[in-house]
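Everything on this sheet refers to the single structure shown next.
Please treat every number below as a calculation from the coordinates, not as lab data. This one's a predicted model, so the numbers in the text were calculated from it and none came from an experiment. Positions of Cβ are generated from backbone atoms using ideal geometry, with glycine treated the same way; all protein chains shown enter the neighbour counts.
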Amino acid sequence: MSVEQIKIPDIGDFDSVDVIEVLVSEGDVVAVDDSLLTLESDKATMEIPSPVSGKVTKVSVSVGDKVSEGAYVLDIEVSGEAAASAPAAESKPAPAEKAPEKVAEPAPAPKTEPAPVQPSPVAIANAKPVNTQEMGAAYHASPSVRAFARKLGAELSQVSGSGPKGRIIQTDVEAFIKSVMQGSAPASAGATGGAGIPPVPVIDFSQFGETETEELGRIKKISGKFLHTSWLNVPHVTQFDECDITEMDQFRKDMKATAEKQGVKLTPLVFVMKAVVKALQDYPSFNASLSPDGQSIIKKKYYNIGIAVDTPNGLVVPVVKDVDKKGIYELSRDLMELSVKARDGKLSPADMSGGCFTISSLGGIGGTQFTPIVNAPEVAIMGLSKAKMQPVWNGKEFEPRLMMPFSVSYDHRAVDGAEGVRFTTTVSQYLSDLRQLIL
């Protein structure tokens with residue numbers, strides 16, 4: 001018998017991830033790939049599987065701790081055979097101390113806070129920009145402080161921390177609320193992060209009739225925060241258009257049998273992805289992000305497309321990488337695999353990072369048009385609606401054509417209106433005549 005020290009595996013370029021569930025305890029027997037822990041970042045949740053089978057003899061983490069790649073979390077007693085086949089990757093040294101001592105909420109300092117004359121600890125202009133590509137990089141606070149901030153409606157990304165290594169403690173949140181109430185928070189706060197915006201009135205709805213309160217799921221809580229941040233920070237413009245996909249859809253149907261032999265299902269979405277990438281190459285401002293100070297634009301030379309996927313737990317956006325380098329069958333296969341992982345809750349941080357442009361398709365459900373919210377720090381997102389047969393004038397007569405309405409919301413700081421119209425028109429042309437994609 002031997003004891004394997006289990007450590008956090010490669011979770012991408014992320015650090016300080018919250019432990020929200022410990023799924024095993026001392027004495028439990030686990031098999032390979034059984035879930036041991038559930039971690040939560042600002043973007044998604046992930047489960048850490050067991051690399052070996054055996055008996056859990058020690059658990060060194062608890063809910064509320066923060067862990068990073070290589071952090072020691074527990075011991076599993078395995079048999080000789082299992083030990084021999086255990087991954088060699090566990091050779092990375094564990095941190096000298098486990099995460100809880102880094103994340104324990106410091107006791108509020110006994111210092112007195114002078115009145116309004118003291119500058120607010122919240123310097124919005126100096127606040128670190130929110131980086132949605134890194135988990136926990138926007139701010140550092142313990143779960144209890146996060147809960148306290150949520151209760152008061154404080155946006156932690158706008159709070160400067162006075163704790164160790166810039167950690168936000170409860171007195172920082174209290175000082176932030178005080179500065180807002182006294183009107184000493186910078187005027188730009190409302191424009192950049194929502195501070196100072198009048199809150200929605202609190203109403204006891206039970207006075208009007210029976211009610212039931214149901215807590216939002218974790219994914220909706222996480223995505224809701226990012227949607228709110230994007231809505232407050234990005235000056236949205238939405239351009240509506242439609243395209244004739246009659247020939248495209250007929251080609252898709254003609255290739256259906258061949259695709260099935262390849263083990264894939266052809267959907268209109270993969271053709272839209274190829275058309276979007278071609279349009280992004282024509283209009284690089286859409287394949288970009290603004291610098292944190294908003295004074296320059298970072299144009300990307302790679303083409304990764306995020307696809308919004310509806311799951312039982314909420315909306316997630318896995319990213320299909322290198323769309324420009326893949327064929328229709330390969331893209332269909334990638335899309336199928338990511339969709340299954342999304343619905344099973346198995347997406348990794350790598351599956352959800354690196355996006356350049358997002359597509360949200362509601363065509364399978366219905367609707368005519370909608371205005372999707374930009375998935376910042378991207379600068380544009382496309383919304384697909386349900387295609388339907390319509391009479392279209394061809395110059396001599398009306399003929400039935402399959403028309404698909406779509407919209408593109410974009411950040412008006414990066415893209416102006418004329419370029420927005422040219423982009424949607426170009427996408428429409430590519431989808432109406434797929435031959436243009438090879439020119």
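Collect residues whose amide H, placed 1.01 Å from N in the peptide plane, falls under 5 Å from the amide H of Leu290; neighbours closer than 5 in sequence don't count.
Answer set, sorted by chain and number: Ile298.
Sequence-distant or interchain residues sharing an amide H contact under 5 Å with Tyr303, placed H: which?
Excluding prolines and chain starts, which carry no amide H, the hits are Asp322, Val323, Asp324.
What is the order of Leu269, Leu338, Leu280, fewest Cβ neighbours within 10 Å to most? Walk me through the numbers on the way to the answer.
Values: Leu269 18, Leu338 21, Leu280 24.
Starting with the residue having the fewest Cβ neighbours, the order is Leu269, Leu338, Leu280.
Please compute the net charge surrounding Val374, taking Lys and Arg as +1 and Asp and Glu as -1 over other residues with Cβ under 14 Å from its Cβ. Present the calculation step by step, with values, prior to reporting the outcome.
On the way: positive: Arg413; negative: Glu378, Asp411.
Taking every other residue near Val374 into account, the sum is -1.
What size of dipole, in debye to the nearest 20, comes out for the range 348-439 about its Cα centre when the only charges are +1 on Lys and Arg C-beta atoms and -1 on Asp and Glu C-beta atoms? Write out the running numbers ahead of the final one.
Numbers: 7 positive and 8 negative charges, 57 e Å.
Using Cβ point charges on Lys, Arg, Asp and Glu, the range 348-439 gives about 280 debye.
Could you tell me what percent of the DSSP beta bridges with both partners in the range 324-405 are antiparallel, to the nearest 5?
So the antiparallel bridges in the range 324-405 amount to around 60 percent.
At 4 °C and 1.567 mPa s, grab the translational diffusion coefficient of the range 232-299 from Stokes-Einstein with a Kirkwood Rh over Cα pairs, rounded to a whole number in µm² per second. Walk me through the numbers before you get to the answer.
Details: Rh = 15.2 Å.
The diffusion coefficient I find is 85 µm²/s.
Projected onto the charge dipole of the range 294-439 (+1 at Lys/Arg Cβ, -1 at Asp/Glu Cβ, origin at the Cα centre), which of Trp393, Val323, Gly306 gives the Cα projection farthest towards the positive end?
Of Trp393, Val323, Gly306, it is Val323.
Which of Met336, Met273, Met248 has the fewest other C-beta atoms within 10 Å, and how do the rest follow up to the most? Intermediate values should be presented prior to the final figure.
Working: Met336 14, Met273 26, Met248 22.
By the 10 Å Cβ count, ascending, the order reads Met336, Met248, Met273.
Give me the dipole magnitude in Debye, nearest 20, for the range 259-398 about the Cα centre, with unit charges on the beta carbon: positive for Lys and Arg, negative for Asp and Glu. Each step should come with its number before you reach the end.
On the way: 17 positive and 13 negative charges, 60 e Å.
Using only the charged Cβ atoms, the result is roughly 280 debye.
Label points 7 Å out from Cα along the Cβ direction at Leu232 and Val421: separation in nm?
3.4 nm
Would you pull out the residues with amide H under 5 Å of Asn375's amide H, same chain only if 5 or more places away, H placed 1.01 Å from N?
Ala380
Work out from phi, with θ = phi - 60° and the Karplus expression 6.51 cos²θ - 1.76 cosθ + 1.60, the ³J(HN,Hα) of each residue of the range 235-250, listed in order in whole Hz, and give x for Gly and Pro.
Along the range 235-250, the couplings run x, 6, 10, 10, 9, 9, 7, 8, 9, 8, 10, 4, 5, 4, 5, 5 Hz.
Grab the beta carbon distance between Ser2 and Ser348, set R0 = 22 Å, and tell me the FRET efficiency rounded to 0.05. Could you put the intermediate results ahead of the total?
On the way: r = 29 Å, r/R0 = 1.30.
After rounding, the FRET efficiency stands at 0.15.
Taking the Cα centre of each part, how many Å lie between the range 1-58 and the range 371-438?
44 Å
If you add up the charges near Arg401, with Lys and Arg at +1 and Asp and Glu at -1, over every other residue whose beta carbon is less than 11 angstrom from its beta carbon, what do you get?
Every neighbour counted, the sum reads -4.
So between Leu152 and Ile197, what do we pick up on full extension, going 0.36 nm a residue minus the alpha carbon distance?
Extending this stretch completely gives an extra 14.9 nm.
Within 14 Å, Cβ to Cβ, of Tyr329, how many net charges do the neighbouring residues add up to if Lys/Arg are +1 and Asp/Glu are -1?
Values: positive: Arg252, Lys256, Lys261, Lys265, Lys274, Lys325, Lys326, Arg333; negative: Glu260, Glu330, Asp334, Glu337.
Residues close to Tyr329 contribute a combined charge of +4.
Quick one: if the Förster radius is 56 Å, what FRET efficiency do Ser35 and Glu397 give, using the C-beta to C-beta distance and rounding to 0.05?
On the way: r = 62 Å, r/R0 = 1.10.
In this case the efficiency is close to 0.35.
Could you state, as a whole-number percent, how many of the C-alpha pairs of the range 197-260 are farther apart than 21 Å? Please report the intermediate quantities before stating the final value.
On the way: 1330 of 2016 pairs.
The answer is 66 percent, as a whole percent.
Which of the trypsin sites (Lys or Arg not before Pro) found in the range 278-311 are loop residues per DSSP with 10 or fewer other Cβ atoms within 10 Å of their Cβ?
Numbers: sites: Lys278, Lys299, Lys300, Lys301; in loops: Lys300, Lys301.
Qualifying residues, ordered by number: Lys301.
May I have the extent of the alpha carbons of the range 236-438 along their three principal axes, as whole Å values ordered from largest to smallest?
Cα spread of the range 236-438 along its principal axes, largest to smallest: 54, 40, 33 Å.
P(r) for the range 375-419: what percent of alpha-carbon pairs falls in each 10 Å bin, starting at zero?
23, 31, 25, 18, 3
What is the distance, in nm, between label points placed 7 Å from the Cα along the Cα-to-Cβ direction at Thr213 and at Ser144?
So the two model labels end up 2.2 nm from each other.
Expressed as cubic angstrom per residue, what is the convex hull volume of the alpha carbon set of the range 336-406? Please list the in-between numbers first.
On the way: hull volume 9.3 nm³, N = 71.
Hull volume over Cα atoms, normalised by residue count, gives 131 Å³.
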